[in-house]
Amino acid sequence: MTSFLHDPHPNPTPAARRAELVADPQFGRVFTDHMVSVRYREGAGWHEARLMPRGPLTLDPATAVLHYAQEIFEGLKAYRLDDGAMALFRADANAARFNASARRMAMAELPEGLFVAACKELIRADASWFPQAEGGSLYLRPFMYASEAFLGVKPSAEYHFLVIASPVGNYFKSGAPAVSLWVSEDYTRAAPGGTGAAKCGGNYAASLAAQQQAIALGFDQVVFLDAAERRWIEELGGMNMFFVFADGSIVTPPLTGTILPGITRDALMLLARDSGLTVREEPYAIDQWQADSESGRLTESFACGTAAVVTPVGKVTRGAASFTIGAGGPGQVTAMLKDKLVAIQRGRAPDPHGWVDKI
Ligand code: PLP
Ligand code: COI
């Protein structure tokens with residue numbers, strides 16, 4: 001199924017208002033005029049694919065997602081290239097991860113071609129919503145929730161898949177050169193056998209109390225440690241972590257099932273190897289991070305993700321102890337990898353891995 005029914009929009013946003021909205025959109029507050037909606041029912045399969053005006057959903061109060069949180073989502077960006085073309089970055093990888101999340105949450109899988117087609121359908125309809133400013137993009141949020149109205153605890157027999165789009169600028173409002181991190185000792189995000197590797201809303205709900213503490217204390221983001229030993233660095237609430245050493249090697253925590261297999265993480269590992277750096281996926285302990293920062297063995301650290309792109313870490317606080325990474329600002333390797341990634345995403349550099357899909 002690749003054809004979408006089109007419901008005409010009765011009153012699309014006037015061009016002047018749209019220009020105002022996309023001038024400085026920040027992250028996730030401005031939305032385009034349309035959305036894609038596809039329904040699933042056991043027996044009937046996927047059906048009723050529609051491009052329609054973006055608007056509220058009407059839910060029965062017994063809808064399963066409202067009670068048992070059977071819900072997954074994705075986040076990917078579409079770019080307006082210098083030649084005017086629109087392109088998606090690694091949407092096939094997001095489609096595959098969406099289905100991995102669906103399997104973990106006992107939800108219906110969505111044909112990967114339908115996931116990508118839905119994203120493209122929405123981008124074409126809302127092509128006038130790309131921000132002009134450098135660094136701007138159209139952030140797509142595909143998601144799926146359990147839509148059956150039933151209070152028994154079981155996988156839903158019905159699902160609703162939607163894609164919405166949001167013109168975005170930088171994820172971090174401050175535009176600061178480096179973020180400050182706070183290591184949570186009260187909370188963990190995901191345990192072995194849990195849902196840490198799935199992009200399900202529950203993981204983010206579980207991260208919010210820690211994030212609230214971090215913000216109250218004046219930090220930007222939380223570092224989560226592993227749930228079993230409270231020793232190994234896992235990831236931030238919405239970003240993977242990388243550590244850069246003076247000997248030119250890079251370390252990122254391995255995919256053990258408790259962290260999200262980030263697509264930016266994967267891309268940066270490949271780009272780092274292409275650049276001659278040694279990349280290791282191995283556990284890295286919080287004490288070691290502090291010791292290596294203090295000794296100078298570690299020179300840089302950064303977080304990465306679709307929304308945050310590549311974000312340097314300046315300072316880390318754990319209880320009463322704080323340590324500074326490198327000189328506290330963006331480092332050279334971080335900047336080099338970010339530039340390489342962004343150049344490919346924007347069509348300004350060759351795309352040796354076939355990541356950019358022009359629409
Ligand atoms: N880790 C978490 C918990 C995330 O929410 C994200 C964002 O999607 C990432 C890592 C980075 O993943 P990606 O690079 O695929 O956006
Ligand atoms: C993303 O980077 O796409 C994310 O999903 C992170 C956050 C906005 C939840």
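Nothing in this text is a laboratory measurement; each read-out follows from the coordinates by a stated rule. It should be emphasised that the depicted structure is a prediction, and the values quoted were computed from it without experimental measurement. FYI the Cβ positions are ideal-geometry reconstructions off the backbone, even for glycines, and counts take in every protein chain you see.
Structure values in brief
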{"read-out": "In the stretch 136-231, trypsin sites (Lys or Arg not before Pro) in a DSSP loop with at most 13 other beta-carbon atoms within 10 Å", "value": "Lys173, Arg230, Arg231"}
{"read-out": "Förster-model FRET efficiency, 25 Å R0, Asp186 and Glu294, C-beta, rounded to 0.05", "value": "0.50"}
{"read-out": "Cα gyration tensor category, rounded, prolate or oblate, for the stretch 108-255 with a/c compared to 1.5", "value": "oblate"}
{"read-out": "4 °C / 1.567 mPa s Stokes-Einstein diffusion coefficient of the stretch 301-348, Kirkwood radius on C-alpha pairs, µm²/s", "value": "109 µm²/s"}
{"read-out": "Rounded if a/c under 1.5, otherwise prolate or oblate - the stretch 156-195, Cα gyration tensor axes", "value": "oblate"}
{"read-out": "Derived scalar couplings ³J(HN,Hα) [the stretch 42-49; Karplus, 6.51 cos²θ - 1.76 cosθ + 1.60; whole Hz; x for Gly, Pro]", "value": "3, x, 8, x, 7, 7, 6, 7"}
{"read-out": "Built amide H within the under 5 Å cut-off of Val313, gap 5+", "value": "Val179, Ser301, Phe302, Ala303"}
{"read-out": "Estimated inter-spin distance, Lys154 and Arg17, nm [label 7 Å along Cα→Cβ]", "value": "4.6 nm"}
{"read-out": "Within the stretch 4-66: Cβ-based charge dipole about Cα centre, in debye rounded to nearest 20 (Lys, Arg +1; Asp, Glu -1)", "value": "60 debye"}
{"read-out": "Dipole magnitude of the chain about its Cα centre (Cβ charges: Lys, Arg +1; Asp, Glu -1), debye to nearest 20", "value": "400 debye"}
{"read-out": "Separation between Cα centres of the stretch 146-218 and the stretch 90-110, rounded to whole Å", "value": "17 Å"}
{"read-out": "Debye equation applied to the C-alpha atoms of the chain, log10 I(q)/I(0) at 0.11, 0.13, 0.15 Å⁻¹", "value": "-0.78, -1.09, -1.39"}
{"read-out": "Folded to 0 to 90 degrees: helix 112-125 orientation relative to the chain principal axis, Cα", "value": "80 degrees"}
{"read-out": "Amide H within-cut-off set for Ser184, under 5 Å, with H built and near neighbours excluded", "value": "Val223, Leu225"}
{"read-out": "Phi to ³J(HN,Hα) by Karplus 6.51 cos²θ - 1.76 cosθ + 1.60 over the stretch 75-92, Hz, x for Gly, Pro", "value": "x, 8, 10, 9, 10, 9, 7, 4, 7, x, 5, 9, 9, 9, 10, 6, 4, 5"}
{"read-out": "Karplus 3J(HN,Hα) series, Hz, for the stretch 331-338 with 6.51 cos²θ - 1.76 cosθ + 1.60 (x for Gly, Pro)", "value": "x, 5, 5, 4, 5, 5, 5, 4"}
{"read-out": "Lysines with Cα under 29 Å of Lys358, excluding same-chain neighbours fewer than 8 positions away", "value": "Lys77, Lys120, Lys199, Lys338, Lys340"}
{"read-out": "Low-density loop positions, trypsin sites (Lys or Arg not before Pro), the stretch 25-130 - DSSP coil, at most 14 other Cβ in 10 Å", "value": "Arg29"}
{"read-out": "Ratio Rg/Rh, restricted to the stretch 269-324 and using Cα atoms, in which Rh is the Kirkwood radius", "value": "1.00"}
{"read-out": "Selection from Gly43, Ala210, Ser249, by position along the positive dipole direction of the chain (Cβ)", "value": "Gly43"}
{"read-out": "Compactness index (Cα Rg / 2.2 N^0.38 Å), the stretch 63-155", "value": "1.28"}
{"read-out": "The chain: most fluctuating residue of Ala349, Ala64, Ala285 per GNM, C-alpha cutoff 10 Å", "value": "Ala349"}
{"read-out": "Three-way shape label, the stretch 147-234, alpha-carbon gyration tensor, a/c 1.5", "value": "oblate"}
{"read-out": "Sites matching GluC sites (Glu not before Pro) across the stretch 101-159 that sit in DSSP coil, with at most 12 neighbouring C-beta atoms within 10 Å", "value": "Glu134"}
{"read-out": "Farthest positive-ward along the stretch 268-359 dipole, Cα basis, beta-carbon charges - from Ala308, Gln345, Gly328", "value": "Gln345"}
